[in-house]
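Peer 1: What follows is a single structure, and I will ask about it in a moment.
No lab work stands behind these numbers, since they all come straight from the coordinates. Computed from a predicted structure; not experimentally measured.
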Amino acid sequence: MPDISTRPLEKADYDYIVRVIDQWWGGPTSALAHPVYFYELGQHAMVAEVDTRVVGFLFGFTAPDNSGYVHLVGIDPDFRRKHVGTLLYRTFEDRMRTVGIRRLKAITTLGNEGSVRFHEALGWTSKRVDDYAGPGRARIVFTKELKPTDLS
Ligand SMILES: CC(C)(COP(=O)(O)OP(=O)(O)OC[C@H]1O[C@@H](n2cnc3c(N)ncnc32)[C@H](O)[C@@H]1OP(=O)(O)O)[C@@H](O)C(=O)NCCC(=O)NCCS
């Protein structure tokens, strides 16, 4: 098991993520890494590192409805199933508790079975919502209630 740590997202990390994201996802994805998730909504964004290598990231923020929203998470394919994603999510959840957030939300596209299994393994509830992203554009909506006491 590698020694994995997290730290806040910096501009050099954002630049790196934009360069590798299509390869990490196996297709065009860079539009999802909009710079707003660094400049305006990056306060809680973070990366995971092994030594000094960035092996994962999480773009997440507090929404005006007092929920914590995970917009995008990605793990280097060489480092999947090593609990890098789990560490990023646990760290984000702890940060959300610290700032008084009790409800989390994320979405994914239909067919992203890995994402569904990952969120369910971490205690999130998943639900298909038809027309979520517009007519004929269903999404899987993940939610999780945070208990104030279960800091990990
Ligand atoms: C989904 C993703 C973030 C998971 O990250 P990860 O670091 O590989 O996940 P973890 O190692 O922390 O997995 C924790 C648990 O989730 C479940 N899980 C994770 N990926 C899974 C997969 N592909 N299939 C089935 N279960 C999975 C397992 O129960 C796993 O525990 P285990 O390995 O001890 O059995 C990663 O695969 C990824 O970056 N995918 C491409 C991008 C993506 O789909 N992002 C999410 C939507 S925006």
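Peer 1: Would you give the gap between the C-alpha center of region 1-26 and the C-alpha center of region 77-107, rounded to a whole Å?
Peer 2: Going from one Cα centre to the other spans 15 Å.
Peer 1: Separate question: Between Phe142, Phe118, Phe57, find the one with the highest GNM mean-square fluctuation for the chain; connect C-alpha pairs within less than 10 Å.
Peer 2: Among Phe142, Phe118, Phe57, the largest GNM mean-square fluctuation belongs to Phe118.
Peer 1: Another one. Lysine pairs in the chain with Cα distance under 22 Å, only those 8 or more apart or on different chains: how many are there? Could the numbers behind the result be given before it?
Peer 2: On the way: Lys105/Lys127; Lys105/Lys144; Lys105/Lys147; Lys127/Lys144; Lys127/Lys147.
Taking the Cα cut-off of 22 Å, the pair count is 5.
Peer 1: Please say if the chain is rounded, prolate or oblate, where rounded means a/c under 1.5 for a ≥ b ≥ c the square roots of the C-alpha gyration tensor eigenvalues, and otherwise the choice is prolate for a/b larger than b/c and oblate otherwise?
Peer 2: Since a/c stays below 1.5, the shape of the chain is classed as rounded.
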